[in-house]
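Report on one structure; see the data block that follows.
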Amino acid sequence: MTQQNSVTNILFAGLGGQGVLKASDICAEAAFRAGLDIKKSELHGMSQRGGSVTSDVRFGKEVFSPMIPEGEADVLVVLEATQVEPNQHQLRKGGITILPTAVDESQLENKKSLNVALLGALSVHLDIPEQCWLDALHANLAEKLHAMNDKAFALGRASKMV
């Protein structure tokens, strides 16, 4: 999906406590490790009370703004199905929506790893080497969580439901 002279726009959406911001941090770092220019923005809303949280991640050869222009998200990654409708307008025509159903949550060691599993599902659509993703995961998570989240990421990459 990433082209040399274009900007890739990814919108992460969910509820407070689901790991939306952590997922966007990992995505941004993976793109950075791949040598891309990145910009990131986030909107917390009522996140402390389970309210809506969104984060824009933009990367490419050169990125000027952290905010995704209306209707130009290439991918919408949703951690909570109720967040599709309020954010669908951000997705460009022909864009990809990755829903929580993209992975079988019963196969996750910990349900809190859903955000990482969805990153795995996202990763197959982007021209970022898998090792960049894994290095970004490890840089953003405590060492005791690496093995569990490596498995969650692999589950998402293997998903055929995207």
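Working from label points 7 Å from Cα in the Cα-to-Cβ sense, the Val84 to Ala142 distance is 3.4 nm.
Using just its DSSP H runs of length 4 or more, each adding -39500 (n - 2.57), the chain gives a mean residue ellipticity at 222 nm of -9500 deg cm²/dmol after division by all residues.
Each of Phe32 and Lys160 was given a label point 7 Å from its Cα along the Cα-to-Cβ line. The distance between the two points is 3.7 nm.
Quarter the surface of the alpha carbon convex hull of the chain and you get the mean projected area, 8.6 square nanometres.
Note on segment 47-87 and segment 106-134: Cα centroid distance 17 Å, given to the nearest whole angstrom. Listed by chain and number, the lysines placed with their C-alpha closer than 23 angstrom to that of Lys39 are Lys22, Lys61, Lys93; residues fewer than eight positions away on the same chain are left out.
Read-outs: derived from the displayed coordinates by stated rules, not from any lab. For clarity, every value in this text was computed on a predicted model and none was experimentally measured. So basically every Cβ, Gly included, is an ideal-geometry build from the backbone, and we count neighbours across all protein chains shown.
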